[in-house]
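Sharing a structure with you now.
The values are calculated or read from the model by the stated rules, or taken from the named source; none is laboratory data. All values reported here derive from a predicted model rather than from experimental measurement. Using ideal geometry, Cβ is built from the backbone for each residue, glycine included, and neighbour counts are taken over all protein chains shown.
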Amino acid sequence: MTGLPLYLFAFLSCALAQDALMQRPEVRKALDYLHAHDAEHLEKQIRIAEIPAPTFHEAERARFLEAEFRRVGLQNIEIDKQGNVLGWRPGKSPKAMVVAAHLDISFSPGVNTKVRKEAGRWFAPGIADDSRGLAALLAIAEALNHAGVATAHTLLFVANVGEEGLGDLNGIRYLFGQSPHKSRLIAFLSIDGTSPARIVNGGTSVKRYRIVIRGPGGHSYGNFGRPNAIHAAGRIVASLAAMDVPQRPKTTYSVGKIQGGTTVNAIAEECVMEVDLRSEDPGELDKLELRFLEAVRTGVEQENKLREVSGKHLTFETELVSHRPGGQTPASSALVKSAEWASRMSGHTPSLSFGSTDSNLPISLGIPAITLGGGGVGENAHSLNEWFEPREAWKGPQMVLLTILAYDAEAK
């Protein structure tokens, strides 16, 4: 092989190492375990899903995962200052690869989390996003310990808080920014979603704003002619909805929440709206942000001008309530290559994509990070009609386990 170009030599060496990995009896034993115990892991997914865990209210589910981390044989288990559940699986090196799934669901407190089964599908808020990821996380740790698989690097299993909504990735921000373990962390793998074919190696940049518009209010008839906070918000929404944004890089906007007013026969004296802006390109996101803020200023100004004879006026405040940095783990990186190989080994055709996940944060810090699916099929995430089908669900944990081991063999 000495006459081969260096890049081809490296490729063949990697391929040989991966083939050797599949021949290791303990690896085969771990993969077989995940298949054989699939029904048990699916039942665990239901148990997790039925524990309410809205963002900022994850404590009950965290305590359950803490006990499960002990059950599957992880070590030095703790719930850290941010609320993340940590469990260690020591390797030869103290340097650690993080394997994570998020605790929180994208719903308000009080949502009904009872799982309903119907025509082969399971329905519940968060049943796939990310109860499936948490169940896969436990299954992988359990399989590694059952089979006695040794790793060169330490594995840090994390059930983290704050991935959804205004959580703003606070669990992973803490882990990589303030945790006493941060200097040990060399790579990050999040289990989120279902498909083992989708490898999220790009972090979509996100900015979320809360806009508050205030005015004098008054009676809808007796004080007609005064500026209306909701009317101004309507102008802003209409302006945003009419904006053209590029399809490539994918750039999006959404008014996700709007509330205000006191009663049907009153001029609204306050309106609050929350807006989500995203792009695969941070530069395009900055452009969209400027256009949106100008739409806010113009919308309020138009409502004030139309009602200026009243002598009353509206004011507004803008607050950036969430900023998820973006970036990309290169397709040529060992972590992405390991995931592509593992996806093929589990019977899938891998595809690289962008998304807004916990991986955004380590990617922005230059740390290799990807997000992988936990298996099965799911749809309607962030909806009360979210569903999951346990079709060949074991292939998700198998794919993640192989990714971990392939990367562990390659990482220096």
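Go over the candidates G193, G203 one by one and state the one that is under 20 Å from the mean Cα position of the chain (by Cα) and at pLDDT below 95.
G193
Can you report the number of residues in segment 45-61 which are in a helix (DSSP H, G or I) and buried (at least 21 other Cβ atoms within 10 Å of the Cβ)?
4
Quickly run through segment 91-118 and pick out the residues that are modelled with pLDDT of 95 or more, touching an Asp or Glu at 6+ places or on another chain (Cβ under 8 Å) and closer than 18 Å to E163 by Cα.
Within segment 91-118, A100, A101, H102, L103, D104, I105 meet the criteria.
Hey, another quick one. Against the definition (modelled with pLDDT of 95 or more and either surrounded by 16 or more Cβ atoms within 10 Å (Cβ to Cβ) or part of a helix (DSSP H, G or I) (or both)), how does L65 come out, yes or no?
Considered against the rule, which asks whether it is modelled with pLDDT of 95 or more and either surrounded by 16 or more Cβ atoms within 10 Å (Cβ to Cβ) or part of a helix (DSSP H, G or I) (or both), L65 comes out as yes.
Within segment 255-305, track down each residue that is small (G, A, S) and not in a helix (DSSP H, G or I).
Selection gives G256, G260, G261, A266, A268, S279.
Enumerate the pairs (first residue in segment 151-172 and under 8 Å from N84 (Cβ atoms); second residue anywhere and among the basic types (K, R)) with beta-carbon separation below 9 Å, excluding pairs fewer than 6 apart on the same chain, so at least 6 apart or on different chains.
From residues that are under 8 Å from N84 (Cβ atoms), the pairs are A159/R61.
Kindly indicate whether any position in segment 130-138 is surrounded by fewer than 19 Cβ atoms within 10 Å (Cβ to Cβ), basic (K, R) and at negative phi.
No, there is no match, as no residue in segment 130-138 is surrounded by fewer than 19 Cβ atoms within 10 Å (Cβ to Cβ), basic (K, R) and at negative phi.
Matching residues to (1) within 30 Å of F224 (Cβ to Cβ); (2) in contact with an Asp or Glu (Cβ under 9 Å, 6 or more places away or on another chain); (3) not β-branched (V, I, T):
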site	(1), (2), (3)
E284	no, no, yes
G299	yes, no, yes
Q302	yes, no, yes
E317	yes, no, yes
G326	no, yes, yes
T329	no, no, no
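Then there is this: Considering only strands (runs of 3 or more DSSP E) fully contained in segment 152-248, which possess at least 3 residues that are among the aliphatic types (A, V, I, L, M)?
Of the strands (runs of 3 or more DSSP E) lying wholly inside segment 152-248, those with at least 3 residues that are among the aliphatic types (A, V, I, L, M) span 153-160, 185-191, 205-214.
Failed condition for K257, given (1) crowded, with 16+ Cβ neighbours inside 10 Å; (2) out of contact with any Leu (no Cβ under 8 Å at 6 or more places or on another chain); (3) basic (K, R), with all others met?
(1)
In segment 121-154, what residues are within 14 Å of V400 (Cα to Cα) and under 20 Å from the mean Cα position of the chain (by Cα)?
R132, G133, L134, A135, A136, L137, L138, A139, I140
Could you list, in sequence order, the residues of segment 365-382 that are more than 24 Å from I172 (Cα to Cα) and outside any strand (DSSP E or B)?
Answer for segment 365-382, where residues must be more than 24 Å from I172 (Cα to Cα) and outside any strand (DSSP E or B): G376, N380.
For Q18, are the conditions met, namely being at pLDDT below 95, surrounded by 18 or more Cβ atoms within 10 Å (Cβ to Cβ), polar (S, T, N, Q) and within 25 Å of N145 (Cα to Cα)?
Answer is yes for this residue.
For every residue, the table says whether it meets (1) surrounded by 17 or more Cβ atoms within 10 Å (Cβ to Cβ); (2) over 22 Å from the mean Cα position of the chain (by Cα).
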| site | (1), (2) |
| --- | --- |
| M273 | yes, yes |
| L277 | yes, no |
| E280 | yes, no |
| D286 | no, no |
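This table checks each residue for (1) under 15 Å from F188 (Cα atoms); (2) buried (at least 24 other Cβ atoms within 10 Å of the Cβ); (3) modelled with pLDDT under 95.
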| position | (1), (2), (3) |
| --- | --- |
| H313 | no, no, no |
| E317 | no, no, no |
| S322 | no, no, yes |
| T329 | yes, yes, no |
| T349 | no, no, no |
| L361 | yes, yes, no |
| I367 | yes, no, no |
| K395 | no, yes, no |
| M399 | no, yes, no |
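Also, I was wondering about something else. Mind checking which residues of segment 68-85 are assigned to a strand (DSSP E or B), surrounded by fewer than 23 Cβ atoms within 10 Å (Cβ to Cβ) and of a type in the set (A, V, I, L, M)?
Across segment 68-85, the qualifying residues are I77, I79.
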